[in-house]
Amino acid sequence: MPEEVRSTSDSEGVVTHRFPPGFVWGAATAAFQIEGSTTVDGRTDSIWDEFCRRPGAVCDGDTGDPAVDHYRRYERDVALMAELGLGAYRFSIAWPRVRPDGGEVNPRGLDFYERLVDLLLDNGIAPWATFYHWDLPQALEERGGWTNRDTAYRFAEYVDAVLGRLGDRVPVWTTLNEPWCSAFLGYASGIHAPGRTEPRAAVAAVHHLLLAHGLGIAAVRAQAPAADAGVTLNLFPVEAADPDSPADREAARIVDGLQNRIFLDPVLRGAYPADMVEHLAPYGLTEHIQDGDLELISAPLDLLGVNYYRGHMVSGAPDNAPQGPSDWIGAEHVRFLSTGMPLTDSGWEVQPPGLLDTLIRVHQDYPAIPLHITENGAAYRDVFADDGTIRDVDRIEFLDAHLRAAHAAIERGVDLRGYFYWSLLDNFEWAEGYAKRFGIVHVDYTTQVRTPKQSARWYAKVISDNGF
Ligand code: FCB
């Protein structure tokens, strides 16, 4: 461990957590969650525009318009990032702006991202661009979406179009954000777009998303050889409720397989985990794998993005009644239990030690790869105090605890190089609509006024001190 990273305490016992020089401090967003302007400059529908129209699919019938109107207010938002001292900004590019309908390139869509990227660079903020954060063109869904292998090739064309315009100046590209959500929430439980509840379709989607990732990496290598490239996965530590119970341990193995290893193993080791191949045989996993796919999928990466929110504690009692459409294909009787930790406004337990466990697990179980926490954050019911400030102490505590865990991972030898808070701004939280506020910057959805919360000031100080 580099000496400067060691935690130190002063004469009053105040511990300082210093991060390694060059540690990347950022914040993250995603196109559909912030941009709005869903029908302008040639953009067409994504699966999320369509899903929002489905009665009952999204809380309060909320939609992606106007979201936080970032498409028109990006200059103000970049100024805000500069005020907070962000070193990097992770955002996603909207496929339906760049290749509406999955077809011809729309230069006006690319113009927007070019303006955004150039402004970030002018402000000394590194643009970290994600090609796919869930907004598949609806026209491609109508041809089968991620169940159709062809979607991966259409993705590669889209990536090529983006690289043709921006490949010379974006330093870091990520192919996909959380393919677990796209596949399982989108096609198995149906709580996300496109809202399908077909386990076999979800399994096909897993492979085609991974193939898209592999094709995307090949495109970055060919067109932007100086850039770094990777993928972002949402990883969860999974614990058996009773470690002495074979049924609970079995549930933990399956949930870990479906949540984590089914993506980690092909990407970092070049093969699906043998137990998942067996588990998913009835759902056709191997039918989709063609010669050469796993070589593409496991092409060397420069970084792995880890999104961490919480862990799972599971019970596998065989007499648990099976649930309705579930993300846990072939394990619908598994139950997710509370560990008793406090909850965020999303009902998610606050479990900072799980971040340390997750980072150490990837570090120990997989070939060496630089890690970045590409998302971590919490929704709380923020309220304005009389003086017009938002004292989101709970979010500061959340950040503090997770940054301690991140720092502990570095002290334990994990090659962790960056942290991105989710999210810069309050925004459209998918099926939860605008009800959950994750931002360090508050957005008034009526006036679009941005107000940095106290957590934003706290985080800005961490960034300027490279520690806390
Ligand atoms: C992640 C998503 C991100 C955001 C956070 C809260 O799963 O990647 O878009 O919704 O959860």
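Selection of the stretch 87-116 for residues being of a type outside the set (F, W, Y), open to solvent by less than 10 Å² (accessible area, probe 1.4 Å) and under 25 Å from H442 (Cβ atoms) yields A88, R90, S92, A94, L116. For the condition polar (S, T, N, Q), closer than 24 Å to Q138 by Cα and within 16 Å of the ligand (Cβ to nearest atom), what is the one hit in T197, T175? That would be T175, the only listed residue that is polar (S, T, N, Q), closer than 24 Å to Q138 by Cα and within 16 Å of the ligand (Cβ to nearest atom).
The number of residues in the stretch 402-428 being open to solvent by less than 30 Å² (accessible area, probe 1.4 Å) and out of contact with any strand residue (DSSP E or B) (no Cβ under 9 Å at 6 or more places or on another chain) comes to 3. The residues on offer are F398, F384, and the sole one that is aromatic (F, W, Y) and within 21 Å of the chain's Cα centre (by Cα) is F398.
Could you please find all residues in the stretch 362-381 being away from the ligand (no atom under 16 Å from the Cβ) and over 13 Å from L304 (Cα atoms)? Scanning the stretch 362-381 gives Q364, D365. The residues of the stretch 329-360 that are touching a helix residue (DSSP H, G or I) at 6+ places or on another chain (Cβ under 8 Å), farther than 29 Å from D319 by Cα and away from the ligand (no atom under 16 Å from the Cβ), listed by number, are P352, P353, L356, L359, I360. Here the strands (runs of 3 or more DSSP E) wholly within the stretch 247-366 that include at least 2 residues being crowded, with 16+ Cβ neighbours inside 10 Å and touching a residue at least 40 places away in the same chain (Cβ under 8 Å) are 303-307, 312-315. Report, by residue number, each residue of the stretch 145-188 that is farther than 20 Å from I289 by Cα, open to solvent by less than 20 Å² (accessible area, probe 1.4 Å) and part of a loop (DSSP other than H, G, I, E, B). Result: G167, V170, E178.
Does the stretch 438-448 include one or more residues that are within 12 Å of the ligand (Cβ to nearest atom), part of a helix (DSSP H, G or I) and farther than 25 Å from V14 by Cβ? No; the residues of the stretch 438-448 include none that is within 12 Å of the ligand (Cβ to nearest atom), part of a helix (DSSP H, G or I) and farther than 25 Å from V14 by Cβ.
Go through the stretch 383-401 and give me each residue that's open to solvent by 10 Å² or more (accessible area, probe 1.4 Å) and acidic (D, E). Once the filter is applied, which keeps residues that are open to solvent by 10 Å² or more (accessible area, probe 1.4 Å) and acidic (D, E), the stretch 383-401 yields D386, D387, D394, E397, D400.
Residues that are within 16 Å of the ligand (Cβ to nearest atom), within 30 Å of R143 (Cβ to Cβ) and either surrounded by 20 or more Cβ atoms within 10 Å (Cβ to Cβ) or among the hydrophobic types (A, V, I, L, M, F, W, C) (or both) do occur in the stretch 207-226, at least one of them.
Contact annotation: residue pairs with Cβ atoms under 8 Å, 6 or more positions apart or on different chains, pairing a residue in the stretch 429-443 that is over 18 Å from G61 (Cβ atoms) and touching a residue at least 40 places away in the same chain (Cβ under 8 Å) with a partner that is among the charged types (D, E, K, R) and assigned to a helix (DSSP H, G or I), are I440/R395. For the stretch 121-144, which positions are away from the ligand (no atom under 16 Å from the Cβ), within 24 Å of R221 (Cα to Cα) and open to solvent by 10 Å² or more (accessible area, probe 1.4 Å)? Hits for the stretch 121-144 are L121, A126.
For the stretch 449-468, a residue qualifies if it is in a loop (DSSP other than H, G, I, E, B) and basic (K, R), and exactly one does: K453.
The values are calculated or read from the model by the stated rules, or taken from the named source; none is laboratory data. Please read all numbers here as calculations on a predicted model, not as lab measurements. Reconstructed Cβ throughout: ideal geometry from the backbone, glycine too, with neighbour counts over all protein chains shown. For accessibility, only protein heavy atoms count, side chains too; no ligands or nucleic acids. Shrake-Rupley method; radii C 1.70, N 1.55, O 1.52, S 1.80 Å.
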